[in-house]
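Remarks on the structure that follows.
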Amino acid sequence: MTDKEIKKLQKKINQLKKQAEEYLNGWKRAKADYINREREIEKEKAEWIKFANKDLVLQLLPVLDSLNQSLDHIPKDIGESEWVKGVAQIKIQFEKFLQGQGIEKIKTVGEIFNPEYHEVIGKGEAGEKSKENVIVQEVQTGYMMHNKVIRTAKVIIN
Amino acid sequence: MSKIIGIDLGTSNSAAAYMEAGKPKMIPSAEGTTIVGGKAFPSYVAFTKEDQRLVGEPARRQAMANPEGTIFGAKRKMGTDYKYNIFNKEYTPQQISAFILQKIKKDAEMYLGDKIEKAVITVPAYFNDSQRQATKDAGKIAGLEVIRLVNEPTAASLAYGLDKIKEKDQQVLVFDFGAGTLDVTIMNFGQGVFEVRSTSGDTQLGGTDMDEVLVNYITDEFKQKEGVDVGSDKMAIQRIKEAAENAKIELSSTLETEINIPFVTATSEGPKHMLLKITRAKLEELVKPIVEKCRSSIEQALGDAKLQPTDIEKIILVGGPTRMPMVQKFIEDIFGQKIERGVDPMECVSMGAAIQAAILSGEEEVKDVLLLDVIPLTLGIETLGNVMTPLIERNTTIPTSKSQVFSTAAENQPSVEIHVLQGERSMAKDNRTLGRFMLDGIPPAPRGIPQVEVSFEIDANGILTVTAKDKATNKSQNITIKDSSALKEEEIEKMKKEAEKFATEDRKQKELVDLRNQADMIIHTSEKALKDAGDKISKDDKHAVEKKIKDLKHVKDKDDVDAIKKAIDELSSEIQKIGSAMYGQQAESPPPGESQGPQAGPQPSGEKESKEDKKDKDEPIEGEFEEEK
């Protein structure tokens, strides 16, 4: 074999080596991607199951808001009637259902404002005596599901 | 090697993506919500008086209470000497952007479980050198090596795969209509390079304006109808805003929706309710002035590029508001052609950045080498009753392998024939035959006892090897089929179409065959039970069973599904009476030497060995070969 041929083959070998390495790396990467994805899917699955009802609950919340509003506006003359009591009980039923889904209300009035849970939509009148950054009014109830915020509480602070 | 992520550092919202198995995927923002929640987050940074730093959603939530400590839209100040002075501390726009990038880095590291050190960040096409340098600096401050800045319209084009077009130069228009800004870019793509020809836009125009006009309309209508101004009722406004947002989204797919807010507010006279119909036409009328404002930017971009609308070959829409049918139509009318579809307009910029990152890190080349194919049609074998039993479903990515254990259909059956099939039809005869072979030398045994493992293996080149092995003797046979995917595109389509066309018919026939197999099975079990029982049961009982067996035999080869079902049920309850009388709790007589499982009923007679085929378990596969004749 001439030197030239040897050189040519050497070059070829190097080329193939490089290619083999590239393929092996690609293979490793694909395998790693797969294993990582599997792990991710497991995690996601657990999350999905836990939060499967989140979207449904989020769409139900405005209905509860309306119900709450209605109970805040009970006409005085029927305030004590059995019928009104029944409607109030529907609200309790609703809230029990939410509890069963791992959902709880976010505390507001009197709490220190925390942007993790609360969203400020207004500032209270100046001159009020309470401390700064304390929530003085809840405009919309916020909710947590399995300790994660699904809807922030809309509040007014001092 | 750690991943390089792509970042869309936007004026109003920011998002990030990464490449996985050759496809861009969004990285969800941590934000205390769930994975089901949003992917992008608002580009807000805030400092509280207690010197706490907030980024994203939490910063936005407290903005109203802390306006002096909240920064929004720092992108607009990039590359200038402007300094934010927050509680006596100075911050450059780069630093503020760096806080946003830091959050993205942290979220990505948590989500991917890996350190992130490098990123590709997108910038508007019109960004000048100092603005670009500022963006790079922001990355550095955040601990990210910015390996490339990519123009936002280029990133969007990558997400749509425009870089794959090789034929000729293309004029591309990218219409990026975000929450608060409009950017129109015209690019020339050729020889693998995107070249910006002109940019134009409006820094004070966006989707937020649309939300505003809709809320204003709703409150105005309410005022006219009820005479009540809800403007100062914060709770009412909050509920109206949410309802308006929902209505807007709904009206992208329906023509009419309703704003229904009971007890929206109260006056001295009592509660007031809001019930308002909004049509898509009304919404479009409301936002029309805003959409029309985009026209001048488009015209300017065309003029600067010295192009006519008809010169544009590809149109890409970016940003949430472009989801509105009206916006799409507006653009299509100007250019007289369809927009590109298929990628989420809110995700395409960050996805494109991730694609660019992959190209730069060399992943793209590897992907090209490793282009994985799928099998176009289902592969399987023929089993009892001329049924096609699929082993590898169509659209499975290859290389792959799968095996399943089958058994015999007759007593002392000495051999099985493996008939390899391709196609989507239920009956063997309607599918394409790829090959046949025999496995013989199976030791004499009752039906259902021998275990024959059939394995399908397809390599990366689509070459299929089918192996059958008798587990008792380890004797095996195989066949290699090279042209399993040699069908022409039209043939594949034809076969798929036929499968759809005959789906109902096939299902009925399959049901009938399954039922017949079930009938055979129960006749076999019953006869065996009678024989085993001998004279331990009364003559009357024996006669009753024999009669039912006869009835079933009579109807089983006819086409009346209900009659067969009825006869099976009757025989089954008759034989159970005997069974429970004789064996106590055992309902049916298990064949000797084998656990009860596979033979007890018309369930799959073989255990499945592949991990992937769990879903198959619900389907009644009559896992027995047709007896060789």
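A compact table of results
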| item | result |
| --- | --- |
| Nonlocal amide H pairs with B:LEU391, under 5 Å, H built at 1.01 Å | B:LEU379, B:GLY380, B:ILE381 |
| For the stretch B:172-220 versus the stretch B:70-87, the gap between their alpha-carbon centres in whole angstrom | 22 |
| Built amide H within the under 5 Å cut-off of B:ASN13, gap 5+ | B:SER43 |
| Interchain or long-range residues, amide H under 5 Å from A:ARG151's placed H | A:TYR143 |
| Hz values of 3J(HN,Hα) by residue in the stretch B:538-550 - Karplus curve (6.51, -1.76, 1.60), Gly and Pro given as x | 6, 4, 4, 4, 4, 5, 4, 5, 4, 5, 5, 4, 4 |
| Structure-based [θ]222 nm, chain B - -39500 (n - 2.57) summed over DSSP H runs of at least 4, per residue, nearest 500 | -12000 deg cm²/dmol |
| Prolate/oblate/rounded call for the protein assembly as shown, Cα gyration tensor, a/c under 1.5 rounded | oblate |
| Helix axis angle, B:207-226 relative to chain B longest principal axis, alpha carbon, degrees | 90 |
| For A:ILE112, net neighbour charge (Lys/Arg +1, Asp/Glu -1) across residues whose Cβ lies under 10 Å away | -1 |
| Helix A:3-51 axis, angle to chain A major axis (alpha carbon atoms, nearest 10°) | 20 |
| For the stretch A:72-147: rounded, prolate or oblate by the Cα gyration tensor [a/c cutoff 1.5] | oblate |
| Peptide ranges A:6-18, B:300-312, B:236-248, B:461-473 listed from the most packed, as the mean C-beta count within 10 angstrom indicates | B:236-248, B:461-473, B:300-312, A:6-18 |
| Whole-Å distance, taken between Cα centres, linking the stretch A:9-54 and the stretch B:291-349 | 37 |
| Karplus-derived 3J(HN,Hα), 6.51/-1.76/1.60, for each residue of the stretch B:187-202, Hz, glycine and proline x | 10, 10, 10, x, 6, x, 10, 8, 10, 6, 9, 7, 9, 7, x, 9 |
| Chain B: angle of helix B:348-360 to the longest principal axis, Cα-based, in degrees nearest 10 | 80 |
| Rounded if a/c under 1.5, otherwise prolate or oblate - chain B, Cα gyration tensor axes | prolate |
| For residues of B:60-71, the mean tally of beta carbons on other chains within 10 Å | 5 |
| Number of partner chain Cβ atoms within 10 Å, mean per residue of A:147-157 | 4 |
| Average other protein chain Cβ within 10 Å of Cβ, residues B:234-243 | 5 |
| Entries in A:LYS31/B:LYS118; B:LYS83/B:LYS241; A:LYS107/B:LYS75 that, when Cα-Cα distance is taken, lie over 26 Å | B:LYS83/B:LYS241; A:LYS107/B:LYS75 |
| Computed [θ] at 222 nm, deg cm²/dmol, chain A (DSSP H ≥ 4; -39,500 (n - 2.57); rounded to nearest 500) | -20000 deg cm²/dmol |
| Packing-based ranking, highest mean first, of B:500-507, B:213-220, B:22-29, B:96-103 given that Cβ atoms within 10 Å are counted | B:96-103, B:22-29, B:213-220, B:500-507 |
| Net charge of Cβ neighbours under 15 Å - reference B:LYS223; Lys, Arg +1; Asp, Glu -1 | -3 |
| Karplus (6.51, -1.76, 1.60) ³J(HN,Hα), θ = phi - 60°, over the stretch B:498-515, in Hz, Gly and Pro reported as x | 4, 4, 5, 4, 9, 3, 5, 4, 4, 5, 4, 5, 4, 4, 4, 5, 4, 5 |
| Neighbourhood charge, 15 Å Cβ-Cβ cut-off, centred on B:SER538 and excluding it, Lys, Arg +1 and Asp, Glu -1 | 0 |
| Mean shadow area of the stretch B:444-567, taken as a quarter of the surface of its Cα convex hull (nm²) | 11.8 |
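Values in this text are rule-based calculations from the coordinates and carry no lab data. None of these values were measured; they are calculated from a predicted model. FYI the Cβ positions are ideal-geometry reconstructions off the backbone, even for glycines, and counts take in every protein chain you see.
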